[in-house]
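What follows is one structure encoded as structure tokens, with my remarks underneath.
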Amino acid sequence: MPDERMMRCPYCQRIFWITEEEQYSNETFECPYCHQANAGCCETDDYGVLIGISQLDYELQELLRI
């Protein structure tokens, strides 16, 4: 059985499961609850849940790096 991690959706704040393979091979993750895609994760919370980052926040971060 593949290793799984939990991820918090930046849009609806619900937690869903992703596999370790998805974590390393996907650039975006679609929430099974609100069906919006986030741009991966930027950190974890105190319980080890990955915190998803919205597409808009990701694009803003990229613009600020230039």
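Just add up the charged neighbours of Met6: K/R +1, D/E -1, any other residue whose Cβ is under 14 Å from the Cβ of Met6.
Working: positive: Arg5, Arg8, Arg14; negative: Asp3, Glu4, Glu20, Glu22, Glu43, Asp45, Asp46.
Taking every Cβ under 14 Å from that of Met6, the sum is -4.
How much net charge surrounds Glu30 when only the other residues with a Cβ under 15 Å from the Cβ of Glu30 are counted, with Lys and Arg +1 and Asp and Glu -1? Spell out each step's value before the answer.
On the way: positive: Arg8, Arg14; negative: Glu22, Glu27.
That sum, taken over residues with Cβ under 15 Å, equals 0.
Set the Förster radius R0 to 22 Å, insert the Cβ-Cβ distance between Gln36 and Arg5 as r into 1/(1 + (r/R0)^6), and round the FRET efficiency to 0.05. Mind showing how you got there, number by number?
Details: r = 19 Å, r/R0 = 0.86.
For R0 = 22 Å, the calculated efficiency reads 0.70.
Work out, step by step, the length gained on full extension between Glu27 and Asp45: first 0.36 nm times the residue separation, then minus their alpha carbon distance; give nm to one decimal. Could you put the intermediate results ahead of the total?
Working: separation 18, 0.36 × 18 = 6.48 nm, distance 2.01 nm.
Stretched out fully, the Glu27 to Asp45 stretch lengthens by 4.5 nm.
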Inset, instruction - Just flag the GluC sites (Glu not before Pro) in the stretch 10-66 sitting in loop per DSSP whose Cβ has no more than 15 other Cβ atoms within 10 Å. - result: Glu27
Inset, instruction - Read through the labelled values (1) 46; (2) 49; (3) 53 and report the label of the one computed as percent of Cα pairs over 15 Å apart from the structure. - result: (2)
Inset, instruction - Could you work out how far helix 55-65 tilts from the main Cα principal axis of the chain, as a 0 to 90 degree angle to the nearest 10? - result: 50
Inset, instruction - Over the stretch 1-62, average the accessible area per residue using a 1.4 Å probe and give it in Å², no decimals. - result: 70
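What does the charge count around Gly52 come to, taking other residues whose C-beta lies under 14 Å from its C-beta (Lys +1, Arg +1, Asp -1, Glu -1)?
Details: positive: Arg5, Arg8, Arg14; negative: Glu22, Glu27, Glu30, Glu43, Asp45, Asp57.
Taking every other residue near Gly52 into account, the sum is -3.
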Legend entry - Nearest-20 debye value, the chain charge dipole, Cβ charges on Lys, Arg, Asp, Glu: 220
Inset, instruction - Could you tell me which Cys residues in the chain have no other cysteine's Cβ under 4.7 Å from their own Cβ, answering none if every one has a partner? - result: Cys41, Cys42
Inset, instruction - Between Glu59 and Ile15, take the C-beta separation as r, use R0 = 22 Å, and let me know the FRET efficiency to the nearest 0.05. - result: 0.35
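Just from its helices, what would the mean residue ellipticity at 222 nm be for the chain, if runs of 4 or more DSSP H residues each count -39500 (n - 2.57) and the sum is divided by every residue, rounded to the nearest 500 deg cm²/dmol? Walk me through the numbers on the way to the answer.
Working: 2 runs with 17 residues, N = 66.
Helix-only estimate at 222 nm: -7000 deg cm²/dmol.
The values are calculated or read from the model by the stated rules, or taken from the named source; none is laboratory data. This one's a predicted model, so the numbers in the text were calculated from it and none came from an experiment. Counting neighbours? That spans all protein chains shown, and the Cβs are built from the backbone with ideal geometry, glycine included. Protein only, heavy atoms only, side chains kept; ligands, DNA and RNA dropped before computing areas. Shrake-Rupley method; radii C 1.70, N 1.55, O 1.52, S 1.80 Å.
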